[in-house]
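**Student:** Here it is: the structure, laid out below.
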Amino acid sequence: MLVGILGDLGRDSYLPDVLDGVASYQLAHGRAFDLLLQVGDVSNGAHSLEFDATEMAEARRRHEGTLPLPIHFVRGNHDALSKLQALAAGTAPIPVESPGVLAWVMDGTVLDLGGVRVGFTGGADVHADRCLDPASLDRLRAQRPIDVLVSHDGPVGLSKPRPDGTPVGDPYIGAFVQEPAGPALVVFGHYHVSAGPRPLGRTTIVILAPAIRPPADGSLGVLDCRARKFWVAGREEGAVSMGIEGDRLSARPAAARNWPLLAAVTRQ
């Protein structure tokens with residue numbers, strides 16, 4: 001099973017063009033994606049899940065049948081939880097206002113993808129309608145083992161604090177990742193950079209850039225569940241291999257990569 005994971009969408013992203021890049025990547029590599037995931041912030045509206053109907057229709061027109069739509073996303077801090085919950089009708093993933101193109105994966109969901117167990121949680125920042133729900137991590141704990149965590153924010157400790165002293169990353173995700181049964185790999189967005197893979201304790205973390213022109217912009221991650229490998233498209237030499245280490249799945253980059261400290265990060 002081959003899974004594509006996209007970075008943030010937003011003001012500068014035009015979804016039909018983003019999907020053109022994904023389709024060109026699968027054509028160049030001779031393998032089709034079986035599933036597309038996305039790390040949150042799918043909407044152009046300010047915290048309101050507003051979509052351009054023409055843009056969504058064009059995405060469907062170009063790529064229905066060539067890519068595995070819908071894209072399954074976790075919520076970002078620009079994706080209002082209250083609106084997503086209002087759309088919920090007892091089904092997961094939950095279609096949003098662009099039928100056939102986007103579907104929300106609820107916080108605390110675990111999917112078995114070809115033998116690789118992937119957990120999902122969303123949110124970032126402190127606003128009640130945007131922040132991470134700590135209870136979602138308890139739901140993930142109850143469904144372990146989890147090999148890969150797909151989230152919007154990343155774990156605290158991914159960089160030094162901001163100039164005002166506030167930490168970069170989420171402390172709840174940080175605690176979850178550092179537990180003995182924590183995930184082997186965490187893939188997230190939010191910071192509008194492409195960075196990693198980088199070890200953080202026993203876990204490897206990867207930040208995906210905003211999806212504007214994949215695969216050249218560092219916004220498309222590829223999870224090969226059969227081979228148990230993850231890489232950022234165009235950077236296959238830095239692939240992360242997953243294997244059994246004691247009683248858990250481990251993930252380590254094939255080679256050490258330079259890690260730019262996110263010294264001047266502001267909340268996104």
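The values are calculated or read from the model by the stated rules, or taken from the named source; none is laboratory data. What you are looking at is a predicted structure, and each value in this text was computed from that prediction instead of being measured. With ideal geometry, Cβ positions are generated from the backbone for all residues, glycine too; neighbour counts draw on all protein chains shown.
**Student:** Would it be correct to say that Val148 is crowded, with 19+ Cβ neighbours inside 10 Å, of a type in the set (A, V, I, L, M, F, W, C) and closer than 20 Å to Ser241 by Cβ? Reasoning before the result, please.
**Tutor:** Numbers: crowded, with 19+ Cβ neighbours inside 10 Å: yes; of a type in the set (A, V, I, L, M, F, W, C): yes; closer than 20 Å to Ser241 by Cβ: yes.
For Val148, the condition - crowded, with 19+ Cβ neighbours inside 10 Å, of a type in the set (A, V, I, L, M, F, W, C) and closer than 20 Å to Ser241 by Cβ - is met.
**Student:** Let me spell it out: the conditions are (1) at pLDDT below 80; (2) in contact with a Phe, Trp or Tyr (Cβ under 6 Å, 6 or more places away or on another chain), and Ala46 meets all of them except one. Which number is the exception?
**Tutor:** With (1) at pLDDT below 80; (2) in contact with a Phe, Trp or Tyr (Cβ under 6 Å, 6 or more places away or on another chain) applied to Ala46, the lone miss is (2).
**Student:** Keeping to the stretch 131-143, report how many residues are surrounded by 22 or more Cβ atoms within 10 Å (Cβ to Cβ) and in contact (Cβ under 8 Å) with a residue 40 or more places away in the chain.
**Tutor:** 1
**Student:** Let me ask something else about it. Which of the residues spanning the stretch 98-123 are modelled with pLDDT under 95 and on the phi > 0 side of the Ramachandran plot?
**Tutor:** Listed by number, the residues that qualify are Gly100, Gly114, Gly115, Gly123.
**Student:** In addition: Being in contact with a Lys or Arg (Cβ under 8 Å, 6 or more places away or on another chain) and surrounded by fewer than 17 Cβ atoms within 10 Å (Cβ to Cβ) is the filter here; which residues of the stretch 24-60 pass it?
**Tutor:** Scanning the stretch 24-60 gives a single hit, Ser48.
**Student:** Next question, about the same structure. Return the pairs, sorted by first residue and then second, in which the second residue is hydroxyl-bearing (Ser, Thr, Tyr) and assigned to a strand (DSSP E or B), the first residue lies in the stretch 144-169 and is in contact (Cβ under 8 Å) with a residue 60 or more places away in the chain, the beta carbons are less than 6 Å apart, and the residues are 6+ apart or on different chains.
**Tutor:** Ser151/Thr121
**Student:** As an exercise: evaluate Val3 against (1) of a type outside the set (Lys, Arg); (2) touching a residue at least 40 places away in the same chain (Cβ under 8 Å); (3) assigned to a loop (DSSP other than H, G, I, E, B); (4) under 23 Å from Val206 (Cα atoms) and give the number of the one condition it does not meet.
**Tutor:** The failed condition is (3).
**Student:** Cβ-Cβ distance below 7 Å, separation of 6 or more or different chains: which pairs start in the stretch 216-235 with a residue that is in contact (Cβ under 8 Å) with a residue 40 or more places away in the chain and end on one that is aromatic (Phe, Trp, Tyr)?
**Tutor:** Leu220/Tyr25; Gly221/Phe230; Val222/Phe230; Val222/Trp231; Leu223/Phe230; Ala233/Tyr25
**Student:** Out of (1) modelled with pLDDT under 95; (2) crowded, with 20+ Cβ neighbours inside 10 Å; (3) under 19 Å from Ile207 (Cβ atoms), the odd one out for Asp12 is which?
**Tutor:** Going through (1) modelled with pLDDT under 95; (2) crowded, with 20+ Cβ neighbours inside 10 Å; (3) under 19 Å from Ile207 (Cβ atoms) one by one, Asp12 breaks only (2).
**Student:** A follow-up question, please. Residue check, Arg162 against (1) within 19 Å of the chain's Cα centre (by Cα); (2) surrounded by fewer than 20 Cβ atoms within 10 Å (Cβ to Cβ), all met but one. Which one?
**Tutor:** (1)
**Student:** Count, please, the residues in the stretch 186-214 that happen to be of a type outside the set (Val, Ile, Thr), crowded, with 22+ Cβ neighbours inside 10 Å and over 13 Å from the mean Cα position of the chain (by Cα).
**Tutor:** 4
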